[in-house]
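The values are calculated or read from the model by the stated rules, or taken from the named source; none is laboratory data. Note that the structure is a prediction, hence the values are computed from the model and not measured. Glycine also receives a Cβ, built like all others from the backbone with ideal geometry; neighbour counts cover every protein chain displayed. These area figures cover heavy atoms from the full protein model, side chains too; ligands, DNA and RNA do not enter into them. Shrake-Rupley method; radii C 1.70, N 1.55, O 1.52, S 1.80 Å.
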Amino acid sequence: MSLKLQKRLAASIKDCGKGRIWLDPNEANEISMANSRFNIRKLIKDGLIIRKAVKMHSRSRVRKNLDAKRKGRHTGIGKRKGTREARMPTKVLWMRRQRVLRRLLRKYRQQKKIDKH
């Protein structure tokens with residue numbers, strides 16, 4: 001006895017896919033008698049047909065991997081897609097270096113360690 005029709009109708013009523021519909025295996029005979037949306041709604045109310053919860057999509061592995069990456073793992077040559085320039089532009093490095101040096105110079109000028117000339 002196939003319960004394809006019942007499953008399809010239940011999925012339509014509960015607004016989900018057929019995979020998420022659970023039909024009580026002990027009440028297969030009673031479910032197979034239901035051939036209309038009205039009857040399916042009644043079975044849903046009685047709890048013979050249930051919409052299963054969405055399965056969990058865990059990010060624990062992703063978090064673990066990110067922690068390792070922060071420690072410097074998984075960043076070898078085989079894991080790199082972009083060129084060295086694309087990953088960390090020399091311009092950005094230069095700008096950082098310049099800003100650090102200029103900050104230092106400004107600090108020294110204020111402390112009178114150096115003058116403008």
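Surface calculation, 1.4 Å probe, protein heavy atoms: I114 sits at approximately 60 Å² accessible. All other residues whose Cβ lies under 12 angstrom from that of K116 are scored, Lys and Arg at +1 and Asp and Glu at -1, for a net of +2. At a Cα cut-off below 16 Å, give the lysines reachable from K79, other chains included and same-chain residues fewer than 8 away excluded. Filter leaves K69, K71. Stretching L66 away from S2 to a fully extended chain increases their span by 18.3 nm, per 0.36 nm per residue minus the current alpha-carbon distance.
Comparing R70, R51, R87 in a Gaussian network model of the chain, where Cα atoms under 10 Å apart are tied by springs, the biggest mean-square fluctuation is seen for R87. Between 0 and 90 degrees, the angle of helix 4-14 with respect to the longest Cα principal axis of the chain falls at about 50 degrees. Annotation: lysines with alpha-carbon distance below 17 angstrom to K42 (same-chain offsets under eight excluded): K7, K14. To the nearest ten degrees, helix 90-110 and the longest principal axis of the Cα atoms of the chain are 50 degrees apart.
Entry note, the chain: the mean residue ellipticity at 222 nm calculated from DSSP H runs of n ≥ 4, each adding -39500 (n - 2.57), is -16000 deg cm²/dmol after division by the residues and rounding to the nearest 500. Computed from Cα positions, the angle between helix 37-46 and the longest principal axis of the chain comes to roughly 70 degrees. Calculate the length of the line joining the C-alpha centroid of segment 71-100 to that of segment 1-50, in whole Å. Taking the Cα centre of segment 1-50 as reference, the centre of segment 71-100 is 57 Å away.
Evaluated at q = 0.14, 0.21 Å⁻¹, the base-10 log of the normalised Debye intensity for the chain, with identical point scatterers placed on the Cα atoms, takes the values -0.77, -1.09. The fraction of accessible area contributed by carbon and sulfur in the chain is 53 percent, rounded to a whole number (1.4 Å probe; ligands and nucleic acids excluded). As a length-normalised measure over Cα pairs under 8 Å and 6 or more apart, the relative contact order of the chain settles at 19 percent. The accessible-area ordering, largest first, of the residues M56, M1 stands as M56, M1, per a 1.4 angstrom probe. The slack in the chain from V92 to K79, taken as 0.36 nm per residue of separation less the alpha-carbon distance, amounts to 2.4 nm.
Solvent-accessible area per residue in the chain equals 89 Å², computed with a 1.4 angstrom probe and all protein chains kept.
Charges were assigned to the Cβ only: +1 to each Lys and Arg, -1 to each Asp and Glu. The resulting dipole of segment 1-45 about its Cα centre is roughly 240 debye.
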